[in-house]
Amino acid sequence: MSASLEDLVAEFVERRDAGESLTPEGFANAHAGVPGLLPALRAVCATDALLPERRAPESIGPYRVLAQLGGGGGGRVLKVVHKDQPAQPLALKLLPLVLRGLPRAVERFRREAAALSRVRHKGIVGVLDVSEHEGSPFLVMELVEGEALSARIERARQRLEANRGAARADLLDLSGDGDGVHRAAALVAELARSVQAAHAAGLVHRDLKPSNVILRAPDSQPVLIDFGLAGSDDGATLTATGDVLGTPSFMAPEQARGEAADARADVYGLGAVLYEMVTLHVPHTGAQVHDVIERVLRAPARPVRHLDASIPRALEHILRRAMAYRRERRYSTAADLAAALDAFASGRTAGRATLSVGARVEDFFLWHGRSVRRAAVGVVGLAGALAAFGLWQQSRARRAVAATLATASAHLADDAKVTEAAEQLRALDAASPLAHYVLSRRAGASRAGLDAHHVLLGEGEDLLAKKDAAAALVPLQRAVDARRDDPLAVGLLGIAAARARDWQRAERELTTAARLLPQCSRLPSELAWVHRRRDQFELAVQAMRDAVAIAPDNADHWHDLARMLAYAKRPEEGLVAVDRAIGLADKEKTVYLHTKGALLNGLDRHDAAILTLQEVVEQAPTVAHLSSLASAFDSAHRIMEARDTYQLVLAKDDKYLPTLLALAHLHAGERLDCDQCVAYFAAHKELLDAALVEDYALRGLAADRGQFNVTAIFAGYLVRMQRTERFLREIDELLRGEFDAIALGRLVQARRTLVE
């Protein structure tokens, strides 16, 4: 089993056991291109159904099992006693049976055991034994009797309905001195000291949240559990499939971006735990996991005093710093956070905890960016909007806002706005490297005087202009590695990755850039086409809706939204979008009319589609336009007109894939679900031609090479016409080359169609 396949199987089991509603077919479709994934998942499910996993064994090694305490993707937790100490209950964690044959899953489990065994602290659950049972590792921990902090918070949240006037933290009923807010601060200070002990042992927890904290009975000592995601301080936070490690609502922005998580990610997590304790709200919410991650990427958490005005400003300042959007602005260690919270809890004055003016302005813009953009009209309008908040008089604020504008505009918007924003930035900060970079590129000047970061950006842009996206990835990746928070660098890297067909990297970087630059419509537009290439049609629609929301007067965005809706098989909505594009267009509308004709055809309004497309062909008889007209004839059962128009397409481009596929479909007689077509082909048997189907299929294979999901369709036609040998040889020859994962999966699927 390959490493990637193994990781996917382990992820499927872990996510399903954690409560997600997953099916083998749905999961495999989401990871198209991994050979053998669906059979492996089905085998796991079949095996799981036969295993007596849900009934706890009577004993495991020297431990007698008393009960099952819980379970999930990371393992089952049992209440046990050692045969020599029957009066001392313990917790035993055992890897799920279906994962025990996966070396990587076993390694992750062993990593948790090793991590916990290196730490001895009263606030961290202690590991007492690490061993194996029937070839599978298990660990034995002290049994922490008590209540999860998450349960305490949920009970307080329920009480809030009947105690609307109460301070929210008072409803937690925490032990200690002072009111609820001060007791909550003291508890998290204690927890921070436990986290510092883990950091001293070289471990980062990476998943701090209230459900991973037990309030030990009877003294309510907070004890940290579940180090399943623990790693060294350079551990990446993405799985092999691109999914984020950690719990999104409590996740630091750099974790959501998939970057390495250091100790400051846990500082953020501690702040997020305290945030929920004093507000009874999680820092970031959303209907779906990806919605939460988007909010984490987009902006800092809402200030706590917006949710409960009774929270002292001193604590709000501490939380602002602990949960700062940029990690370099947070407390550098958990111990520093503990000291600040201790000072607050005891009524002493802590060192200055709040962020600088520039940092607060940046956080303000991230949080209020959408409303500010609505009020802003160009650079002058933005300045006026900020002036309403009393921030424009501060020079650092002006520089921060102008830098955001120039960075957002550079390379990603029209030249007029680029130049205007860059000149505004230079007026505010004559030494700005970004202003110098943007204006020098607009003027076609050399890179003399640029700093090293902008030299790399210039190299990347030059290579993109030369259509050498693969080469552009090298300097742009170096630029992003050096300055991960530069949205221009991240956006350029995402565009280069898309051009180089590195779809996973393109999706990751464009998603990040779009969150960093919420006023730039090109980024979600680019992202939509990446989703389209990966057959993620609903995600493509959503990305284009984001682009339209940012730039509602952009006709091209509405047109692209119509196309994405067509791919998602939502032609009615697509027709509305393309009509909006036609209404907004102030230039040649042929391309929009072409899309409208195709959508009308998809809605079975064939006569209207033919009239629209005939008008388009008269204006511009291109390959694409002729192909769409032929398809409309075909759908209207005007078969001979369709065939003749398809032939006009091939006369212009003999490798045009949609037409090759359509002609193969036509000559294979693949219309068995249409009585009118069955009758037509029965009367015109000369149209059924296996040799022609084979010819079109071979030409289509050479044109496609797995880029689109059509090779298997060609294979299906040939199987039905019993003419597979030559096509199979050509696929086998192709498979000797190199392909990305998606193309490889499609070619393998086509081959399977031929041989099964």
Q: Search segment 52-73 for residues that are under 11 Å from L92 (Cβ atoms) and open to solvent by 50 Å² or more (accessible area, probe 1.4 Å) and pair each with any residue that is modelled with pLDDT under 85 and among the β-branched types (V, I, T) when their beta-carbon atoms are under 7 Å apart and the residues are at least 6 apart or on different chains.
A: L69/V77
Q. Among the residues of segment 532-540, is there at least one that is without any contact (Cβ under 8 Å) to a residue 60 or more places away in the chain and open to solvent by less than 10 Å² (accessible area, probe 1.4 Å)?
A. yes
(Q) Which numbered condition in (1) in contact with a helix residue (DSSP H, G or I) (Cβ under 7 Å, 6 or more places away or on another chain); (2) touching a residue at least 12 places away in the same chain (Cβ under 8 Å); (3) under 21 Å from L187 (Cα atoms); (4) open to solvent by 50 Å² or more (accessible area, probe 1.4 Å) is the only one that T285 fails? (A) (3)
Q) Going by the structure shown, is D560 open to solvent by 20 Å² or more (accessible area, probe 1.4 Å), of a type in the set (D, E, K, R) and modelled with pLDDT of 90 or more? A) yes
Q: With the condition kept exactly as written, say whether any residue in segment 560-583 is without any contact (Cβ under 8 Å) to a residue 40 or more places away in the chain and more than 22 Å from W529 (Cα to Cα).
A: yes
Q.
Which count do you get for residues in segment 515-546 that are in a helix (DSSP H, G or I) and under 26 Å from Q707 (Cα atoms)?
A. 21
Q) Does L701 satisfy being over 19 Å from R534 (Cβ atoms) and buried (at least 18 other Cβ atoms within 10 Å of the Cβ)? A) yes
Q. Name the residues in segment 256-270 that are surrounded by fewer than 22 Cβ atoms within 10 Å (Cβ to Cβ) and of a type in the set (D, E, K, R), would you?
A. E259, D262
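Residues are listed down the side, and each one gets a yes or a no for (1) open to solvent by 40 Å² or more (accessible area, probe 1.4 Å); (2) closer than 24 Å to V710 by Cβ:
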position: I550; (1), (2): yes, no
position: M564; (1), (2): no, yes
position: L575; (1), (2): no, no
position: V578; (1), (2): no, no
position: E588; (1), (2): yes, no
Q: With a cut-off of at least 3 residues that are within 25 Å of Q504 (Cβ to Cβ), name the helices (runs of 4 or more DSSP H) lying wholly within segment 691-756.
A: 741-755
Q: Take H665 and decide whether it is open to solvent by 30 Å² or more (accessible area, probe 1.4 Å) and part of a loop (DSSP other than H, G, I, E, B).
A: no
Q: Take segment 182-211 and flag every residue that is in contact (Cβ under 8 Å) with a residue 40 or more places away in the chain, outside any loop (DSSP other than H, G, I, E, B) and open to solvent by 10 Å² or more (accessible area, probe 1.4 Å).
A: H182, R183, A186, L187, E190, R193, Q196, A197, H199, S211
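The values are calculated or read from the model by the stated rules, or taken from the named source; none is laboratory data. Just so we're clear, the structure is a prediction, and the values are computed from it rather than from any experiment. As a convention, Cβ positions derive from the backbone with ideal geometry for all residues, glycine included, and neighbour counts pool all protein chains shown. Only protein heavy atoms, including side chains, enter the accessible area calculation; ligands, DNA and RNA are left aside. Shrake-Rupley method; radii C 1.70, N 1.55, O 1.52, S 1.80 Å.
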